[in-house]
Amino acid sequence: LEMGVEYAVDVTAVSRSGRRNTQTSPRFSVDWTPPNVGRVDDMYVGTDAERDACAYCRDEIDYNTNASYLAIEWCCGWDDAESGLQSYSVAFGTSPDDMDIMPWLPVGLNDSFTLPNVVLETGMSYYGCVVAVNNAGLFSEVVCSDGVIYDDTPPVMLEVNDGLQAGFDVDTQS
């Protein structure tokens, strides 16, 4: 059997009296390779207006100030040319090797997932991971985001300088 070629199987039964009956299987293709993987990004969740008003919200995020959710999206290479993708599964954890926040959950063919109502710890990193399964039942490698850190601490302002030169404070202007 050749990879990616479609086949069908004919089965013929012959009775002692010589009567014949032939049945043909549904067409199938051979696929012994796992799905290709892409990228997984941590993402900001908000309204379209919030995302439009925010310079970094459409990009992969490294920090999150909202303790009520974890969210990821995946793109850029997830496919299977031979049998097609059947579904994705996602999980969340405090390390790429420990899915201790949410175990693996099938999410169909969606390309993003938000886990609501989580309690996050300040300064802790959280990772979202994705795995794909193709129509032959083969699983891809697991791909995880680079992690997002929950940070609810306000910034600390050490000093304010006015003027046009960085690091130089102007006391008077004309």
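The values are calculated or read from the model by the stated rules, or taken from the named source; none is laboratory data. The structure presented is a predicted model; accordingly, all values stated were derived computationally and were not measured. Methodologically, a virtual Cβ is constructed for each residue, glycine included, from the backbone with ideal geometry; neighbour enumeration extends over all protein chains shown. The area values use the complete protein model at the heavy-atom level, side chains included, leaving out ligands, DNA and RNA. Shrake-Rupley method; radii C 1.70, N 1.55, O 1.52, S 1.80 Å.
Please list, ordered by first then second residue, the pairs with beta carbon atoms under 7 Å, 6 or more apart or interchain, first in the stretch 83-108 and closer than 25 Å to Phe28 by Cα, second open to solvent by 60 Å² or more (accessible area, probe 1.4 Å) and of a type in the set (D, E, K, R). Close Cβ pairs (under 7 Å, with a partner that is open to solvent by 60 Å² or more (accessible area, probe 1.4 Å) and of a type in the set (D, E, K, R)) amount to Leu85/Asp79.
Screening Glu60 with (1) part of a loop (DSSP other than H, G, I, E, B); (2) at pLDDT 95 or above; (3) touching a strand residue (DSSP E or B) at 6+ places or on another chain (Cβ under 7 Å); (4) not aromatic (Phe, Trp, Tyr) gives one miss only, at (2).
Pairing each residue of the stretch 13-39 that is touching a residue at least 60 places away in the same chain (Cβ under 8 Å) with any residue that is among the acidic types (Asp, Glu), provided the two are 6+ apart or on different chains, yields C-beta distances under 6 Å for Asp31/Glu82; Pro35/Asp80; Asn36/Asp79; Val37/Glu141. Checked against the criterion of being open to solvent by less than 80 Å² (accessible area, probe 1.4 Å), touching a residue at least 24 places away in the same chain (Cβ under 8 Å), under 30 Å from Asp31 (Cα atoms) and of a type in the set (Asp, Glu), the stretch 145-154 contains not a single residue that satisfies it. Being open to solvent by 80 Å² or more (accessible area, probe 1.4 Å) and polar (S, T, N, Q) is the filter here, so list the residues in the stretch 155-174 that pass it. Scanning the stretch 155-174 gives Gln165, Thr172, Gln173, Ser174.
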